[in-house]
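The next block holds one structure in the form of C-alpha cells; read it before the comments.
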Amino acid sequence: MAESTVKYDLNWQTEYQEMVMSPEEAVAEIHPGKRVFIGTGCAQPVQLVKALTARANKLPDTEIVHLLTHGEAPYADKALAASFRINSFFIAENVRDIIQEGLGDYTPLFLSDIPRLFSTGQLPLDVALIQVTPPDERGMCSLGVSVDVVKSAAENAVLVIAQVNPRMPRTMGDSCLHVHDLDILVPVDEPILEFQAPEPDEVTRQIGENIAALIDDGSTVEFGIGRIPQAVAEFLKHKRDLGIHTEMFSDTMVDLVESGAVTGRRKAVDRGRVTASFCMGTRRLYDYIDGNETFTFFPTEYVNDPFVISKHPKMVAINVALEVDLTGQVCSDSLGTRFYSGIGGQVDFNRGASRSQNGRAIIALPSTTHDGKSRISAQLSPGAGVVTTRGDVHYVVTEYGVAYLHGKSVQERAVALIAISHPDHREHLLREAIAAKYVRPEMQEVGGKVSVGPPELKTSLLLSDGTQINFRPVHPTDMPGMKDLLYTLSQETIYYRFMAPMKQFPQEKIQNFVYIDHRSEVAIVGTLPEAHGEQIIAVGRYFLNPKTNRAEVAFVVRDVWQNRGIGTFLLKYLSGIAKRHGISGFTAEVLRENKAMQAVFNRASCEVSSKLRENVYSYTLNFA
C-alpha cells in the first residue's frame, strides 16, 4: 500500500501554545443560546462533549447539531432538555429515544445539501466541536476518519474547537484544515471510538449474495449505512477491478481491498483510489488507512454529488429501506410517524447511479420485520415518509430475490414486489393489490403461485458459435417476455406446441405459463441479455401427475433458435430436476409431423417408449 511520508510537528503544543486549552476551558467559551455542531461518527470529540454536558446548567437553549454520532450522547438526556435541544440530520441509536419522544428534532435533507446550509447561512453555526490529528510541519491537521460535513462545519462556524488526538489516523484527499483555521486546540491522547459491525445473519447474507449478483467486474460501488450493504462485501471478493466511491465504509473494506477485487482501475474519477467521506470501524481499520494514499477522504459536497457519482460507468449504489409499497415508494427514515434514521445519501447515490452508464441503483431490505410483519406492503404505514419516490426506484432486493421496477407499470411493479416478499404474505398482498386496483381481478386465480423459483436452478448453455444462453426458473415478472415469445412464434411452431392453430393468447394462458408453484410444476426459461433486461427464447416445463408420479413435459423454442440443441439441453436439465424430486419419469405428446421434437425424445438418456395414436405420438420416459 502507498503511504504518506508527512509527519506530525512534535512541538506543536509549544508553537501554538496560545491556542491550547483544556476541555473545560474550551467549552467555557460557549455561551447560552448558541448552535453547536458535533463531529461525525467515530470522530466524535468525546472529551469536548463530556465537558460541554458537564456545563449544561450554564448553557440554556443550546442547539446541538450533528449528522450522526457514535458512542454515548450524554447531552441527549431528558433531564437536560432545557439546556440542550437535539437537531439531527441522521438519527443514530444514541439520540433516537429523545427525538421519538418529541424532545429533539430531525431535519430531513439530502446529505449533499447539508454543507450548503452551513455556507449560505441558512443554518448558521456558532460553534463546531471537532477532532483532528496534530498539525504537521506545514500546520495542516487531518480530520481523519470523518471529513463528510465536518469540514464544511469547521469552515463556517464562528468558533472552532478541535480535540487534537495523535491516535486519529491521518487520511489523504481533501481532509485537512490549517491549524490557523481552528480557534482552540485541546490536546487529548485516547483511542478513537470504535465501531464493531454486527455479524450478518442468514437473511442478511442472502440479501448480500443477491445484490452481489448484480455487480459486474469493473463496477464502482457505494455501500450505504447499515448491515446489509456491508454484508455484500463478502460476496465481492471474486470480482475484478472494482472501484469504490462511497459515503462510508467499515472494516470489511480492508478484506475486500486485500482480496485483490478492488483496484479502482476503471473509475472515471479518483482512479486507483478508494473514495469516501467517513469510515467507522476498529483499530485495525484505522491503522490500515493511516497515511495510506489508496484511501482518499473528501467532503460530502463532493462524494455525494450526483453529477460526480454518475461519471463512473457501472456505478452501483446499495442502500437500505424500512418499508416499500407495491407501487415502489421507499420509506427509509421512519417507522410510521416515528422517525428512526434519516435520508442520508440514499437519494444522492440512487440518482447518481441511475444516471451512470450501465449503473444500478439498489434498495435492499429484509422481507419481514423482527416480529414477522411484511416490509413490502400495499400502502406505506400511516405517517411513513417517502425518501425514494416510485419514479426514482430501480432495483429492490430481499432475501427472496430481485425486483426491477424502473419503467414498469404499476401492475408489473406490484407482481414483482409480491414475488420477492415473504411467502407467508404473498397471497394477502395479492388480494390487497387487487383491492387497490393495482392488478387485474383475474390475478386472484394465481393465488399462492406468485413466487420465485429456487436460485440454485440457474445454469447456462454455450452454443457452438460462442453464444451463452442463461437458464433459470420462470419468474412472475416474465409475463411481458412470455407474451413476446408466444406472439413471435410461427404458426407451425404454435401448432406443434399446442396442437391447434392459435392467433391470440388470452391473459389466462400466459398467466399459466408464468405463475407456477415450483413444486408440482417446474418451468425453466432460456434467456439472452438485452439492454434493459432479458429476451426469453425458450421455455421447458413439466407438470406432475401425483397419481402416477410422472410429469408431463413440453418445450417451445423461438423459431430462429431452433435446431441448435436447446430442446435437448432443456430435456436433460428438466430430467435432472425431476429425478432430484423423486419423479419416476416424463410423459409427452408429440405430433407425427414434429420430427425435431421426436428426435429430442428418442435421444434421451433413459428408457424411452412411444405409441402412435391418431397422428400423435405418446412418449413415456422412465428414469433409472
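Tally the residues that are at pLDDT 95 or above, surrounded by fewer than 24 Cβ atoms within 10 Å (Cβ to Cβ) and acidic (Asp, Glu), restricting the search to segment 137-161. Number satisfying all stated conditions: 1.
State whether one or more residues within segment 203-212 are outside any helix (DSSP H, G or I) and either assigned by TED's automatic domain parsing to the domain that holds Pro45 or over 10 Å from the mean Cα position of the chain (by Cα) (or both). So that I can check it myself, show each step before the final result.
First pass over segment 203-212, keeping only residues outside any helix (DSSP H, G or I): none.
The answer is no; no qualifying residue exists.
In segment 501-540, what residues are small (Gly, Ala, Ser) and surrounded by fewer than 18 Cβ atoms within 10 Å (Cβ to Cβ)? Across segment 501-540, the qualifying residues are Ser520, Ala531, Gly533. Apart from one condition, Gly41 fits all of (1) surrounded by 22 or more Cβ atoms within 10 Å (Cβ to Cβ); (2) on the phi < 0 side of the Ramachandran plot; the exception is (2). For Thr369, the conditions (1) out of contact with any Cys (no Cβ under 7 Å at 6 or more places or on another chain); (2) modelled with pLDDT of 95 or more; (3) more than 29 Å from Glu456 (Cβ to Cβ) all hold with the exception of (3).
The single condition among (1) closer than 25 Å to Leu570 by Cα; (2) within 28 Å of the chain's Cα centre (by Cα); (3) surrounded by 14 or more Cβ atoms within 10 Å (Cβ to Cβ) that Lys458 does not satisfy is (3).
Among the listed residues Arg351, Arg338, identify the single one that is surrounded by fewer than 22 Cβ atoms within 10 Å (Cβ to Cβ), among the charged types (D, E, K, R) and in contact (Cβ under 8 Å) with a residue 60 or more places away in the chain.
On the way: Arg351 fails: in contact (Cβ under 8 Å) with a residue 60 or more places away in the chain.
It is Arg338.
Conditions (1) surrounded by fewer than 18 Cβ atoms within 10 Å (Cβ to Cβ); (2) at pLDDT below 95; (3) not in a loop (DSSP other than H, G, I, E, B), marked per residue:
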{"position": "Ile362", "(1), (2), (3)": "no, no, yes"}
{"position": "Val393", "(1), (2), (3)": "no, no, no"}
{"position": "Glu412", "(1), (2), (3)": "no, yes, yes"}
{"position": "Val415", "(1), (2), (3)": "no, yes, yes"}
{"position": "Met443", "(1), (2), (3)": "no, yes, yes"}
{"position": "Val446", "(1), (2), (3)": "no, yes, yes"}
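Within segment 275-289, identify whether any single residue is within 21 Å of Ile130 (Cα to Cα), in contact with a Cys (Cβ under 8 Å, 6 or more places away or on another chain) and without any contact (Cβ under 8 Å) to a residue 60 or more places away in the chain, and answer yes or no. Yes; the residues of segment 275-289 include at least one that is within 21 Å of Ile130 (Cα to Cα), in contact with a Cys (Cβ under 8 Å, 6 or more places away or on another chain) and without any contact (Cβ under 8 Å) to a residue 60 or more places away in the chain.
Search segment 375-391 for residues being small (Gly, Ala, Ser) and surrounded by fewer than 22 Cβ atoms within 10 Å (Cβ to Cβ), and hand back the single one that is nearest to the chain's Cα centre (by Cα). Please lay out each step first, then the result.
Narrowing segment 375-391 to residues small (Gly, Ala, Ser): 377-378, 381, 383-385, 391.
Imposing the further condition that a residue be surrounded by fewer than 22 Cβ atoms within 10 Å (Cβ to Cβ) reduces the set to 377-378, 381, 383, 385, 391.
Values: Ser377: 19, Ala378: 21, Ser381: 22, Gly383: 24, Gly385: 19, Gly391: 17 Å.
This residue is Gly391.
Of the residues Ser259, Ser219, only one is more than 23 Å from Val269 (Cβ to Cβ) and among the polar types (S, T, N, Q); which? Working first, answer last.
Details: Ser219 fails: more than 23 Å from Val269 (Cβ to Cβ).
After applying the criteria, what remains is Ser259.
Being farther than 30 Å from Val257 by Cα, under 33 Å from the mean Cα position of the chain (by Cα), at pLDDT 95 or above and among the polar types (S, T, N, Q), is that true of even one residue in segment 7-24? Working first, answer last.
Within segment 7-24, the first condition is being farther than 30 Å from Val257 by Cα, and the residues that meet it are 9-24.
If we keep only those that are under 33 Å from the mean Cα position of the chain (by Cα) as well, we get none.
No: zero hits.
The values are calculated or read from the model by the stated rules, or taken from the named source; none is laboratory data. Given the structure is predicted, the values throughout are model-derived calculations rather than measurements. When we count neighbours, we look across all protein chains shown, and the Cβ atoms used for this are built from the backbone with ideal geometry, even at glycine.
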